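The values are calculated or read from the model by the stated rules, or taken from the named source; none is laboratory data. Please read all numbers here as calculations on a predicted model, not as lab measurements. Don't worry about glycine lacking a Cβ; one is built from the backbone with ideal geometry, like all the others, and counts go over all protein chains shown.
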């Protein structure tokens with residue numbers, strides 16, 4: 001049996017990929033509660049670490065609903081220079097009810113190729129334009145929001161090794177009092193889609209180094225999935 005709202009779980013999973021001011025990204029460990037229709041049905045985590053000039057991002061969501069289960073993990077290694085993320089390695093693994101899925105791609109920028117790490121064959125992707133993976137793109141969004149930008153257009157590689165485009169726009173600032181973590185003031189950002197019944201909103205908190213503190217997914221105006229910050233280190 002298919003897991004309901006599979007594409008929404010994918011979006012949730014994506015939300016779950018020594019700091020210096022010059023680099024502009026602050027490592028952190030965040031844990032979230034995942035809910036649907038007001039009931040908790042899973043959890044997620046997002047870890048950003050740094051080794052030398054490289055950053056490592058790990059994100060995971062694990063949910064269960066009745067007798068169905070879904071676990072999605074992403075590993076992303078990237079560099080951050082001149083205000084831009086350049087992905088180096090990107091791995092994805094989905095397990096649970098239904099078929100397992102996985103992907104592992106290497107960004108070889110010198111050769112302008114995305115290589116399948118298992119078969120060593122190149123994907124047909126222009127990585128001069130699509131320079132980062134979709135999990136790391138949330139860190140790019142986090143940084144760009146911190147710089148006061150209000151509209152964002154990213155070219156990314158998705159978990160299937162295919163090119164994709166993501167467009168976002170700042171909607172304003174709100175005080176959030178529904179987080180397990182506690183009350184915070186956050187900047188709301190919306191994903192822009194054309195001819196879609198789905199809406200996705202994100203909130204980044206300036207007082208917490210612009211870490212993602214909340215995400216809400218709606219379809220036909222109804223909330224179908226939400227993620228809220230529970231702990232932050």
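Just a few scattered comments:
- The strands (runs of 3 or more DSSP E) falling completely within the range 20-138 that include 3 or more residues that are surrounded by 20 or more Cβ atoms within 10 Å (Cβ to Cβ) map to 28-36, 39-51, 54-65, 68-81, 84-96, 101-108.
- Every pair of residues 6+ apart whose Cβ atoms lie under 9 Å, when the first sits in the range 104-123 and is at positive phi while the second is buried (at least 17 other Cβ atoms within 10 Å of the Cβ) and at pLDDT 95 or above: 112/127
Okay, residues lined up against (1) under 20 Å from the mean Cα position of the chain (by Cα); (2) surrounded by 20 or more Cβ atoms within 10 Å (Cβ to Cβ):
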site	(1), (2)
161	yes, no
170	yes, no
174	no, no
188	yes, no
191	yes, no
203	yes, yes
218	yes, no
